[in-house]
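One structure is given here, and the rest of the page talks about it.
The values are calculated or read from the model by the stated rules, or taken from the named source; none is laboratory data. Source: prediction; values computed, not measured. With ideal geometry, Cβ positions are generated from the backbone for all residues, glycine too; neighbour counts draw on all protein chains shown.
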Amino acid sequence: MEELLNGVLDSTDDEVRRGHDPAGAYSSVICAFTKSPFSAFPNSPTAMKYKTAFDLFYKARSIICGYSKAKVETNNDCDFLETAFHGYAKAEMCENHLYDTNKPPYNTYDLMCQYLKQRPDDILAEYFKNILEHKRNELQVSKFECLQMSISTKEILAAKVSRASANSDIKRQILATLYNRLGSLYTITRQTIRAIDSFQKSYDIDNNYYDSLYGIAHNDQSDHPEKALRLFHMYLNSVLECDKKYCDAYYAMADIYISSFGNIAKAKECYKKGLNAEDKQLPFIIRDDTESKRLAHFLIAQFE
């Protein structure tokens, strides 16, 4: 039993590492389409969040495509590009999985570097530059190297943003997002203490950043199962049923009930709730089976 369990854990961990994406299970969320799938659900806050991000990405790309100069030389040039750079940053923080629907033009990184020479204190633009650098690194170095570089650059950027003189909502949003992203990257690299610390920093900055609450619970599963269950319940009571991690919270709880407490009945109950929750996902959120679901299914099957 232990050997089989370790095999499942190793294989799922390898998949996460190969995917190299903190939210790899949702990387196939969006294919080529317009914003119409989101507009079909005007009463869904989740759909409207996706629509907001899509609109920001679309507008930002249109602005950069409309910039005809090869260089950024004047204050007017900066003013023109600022809206686009800020739009990309805000859109990515809103829903990063939509980034590939409107990728910036190939010359965006060069324009960004020139822009920041004139406006070095623009933390939103700096955040977008970090995104661009990560995308470039994905094409130029190994996945492992890219992962390490992403951690390093986000740590540096978080420290820089923390030192910024402005005490604005944007600064808090950037920090909450950076700490959330770092928490995910630390989770992938099995730096559990750092992961929990980063997710906690994110959640302390923004108590509505429920993805970070989920991250704390996820990393507490093995060492603090009772706390993890409590945090998963907090998460489930705070988000909508169509939230993309709603199902996984139930699957993770099923894992805990079997692995830590040997409570098969409770595990089956949670697993069933997870399956039912999948039926309430919005149709444009295409899910792959996640580690939590596969592990819960495997463990329950061992006792049937």
> Of the conditions (1) without any contact (Cβ under 8 Å) to a residue 12 or more places away in the chain; (2) more than 23 Å from Q114 (Cβ to Cβ), T74 fails just one. Which one is it?
Replying inline: (2)
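Is it the case that the range 271-289 has a residue that's of a type in the set (V, I, T) and either assigned to a loop (DSSP other than H, G, I, E, B) or in contact with a Gly (Cβ under 9 Å, 6 or more places away or on another chain) (or both)?
yes
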> Scanning the range 138-172 for residues that are polar (S, T, N, Q) and in contact with a helix residue (DSSP H, G or I) (Cβ under 7 Å, 6 or more places away or on another chain), which turns out surrounded by the most Cβ atoms within 10 Å (Cβ to Cβ)?
Replying inline: S150
> When you go through (1) surrounded by 15 or more Cβ atoms within 10 Å (Cβ to Cβ); (2) modelled with pLDDT of 95 or more one by one for N237, which number turns out not to apply?
Replying inline: (1)
>> What's the number of the only condition in (1) within 23 Å of F41 (Cβ to Cβ); (2) modelled with pLDDT of 95 or more; (3) among the polar types (S, T, N, Q); (4) in a loop (DSSP other than H, G, I, E, B) that N207 fails to meet?
In response: (1)
> Considering only the range 233-257, how many residues are closer than 13 Å to S292 by Cα and in a helix (DSSP H, G or I)?
Replying inline: 12
>> Kindly evaluate A159 against the criterion of being assigned by the TED database to the domain that holds L182 and under 15 Å from L175 (Cα atoms).
In response: yes
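Within the range 129-145, which residues are among the hydrophobic types (A, V, I, L, M, F, W, C) and within 23 Å of F85 (Cα to Cα)? If you could, list the steps in order and put the result at the bottom.
The initial filter retains those residues of the range 129-145 that are among the hydrophobic types (A, V, I, L, M, F, W, C), namely 131-132, 139, 141, 144.
Within the range 129-145, I131, L132, L139 qualify.
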>> With the requirement that a residue be in contact (Cβ under 8 Å) with a residue 60 or more places away in the chain, surrounded by 17 or more Cβ atoms within 10 Å (Cβ to Cβ) and charged (D, E, K, R), what does the range 97-137 give you?
In response: none
> Looking at the range 160-183, which of its residues are at pLDDT 95 or above and farther than 19 Å from K90 by Cα?
Replying inline: G183
>> I need the full set of residues from the range 41-93 which are within 21 Å of the chain's Cα centre (by Cα) and polar (S, T, N, Q), in order please.
In response: S44, T46, T52
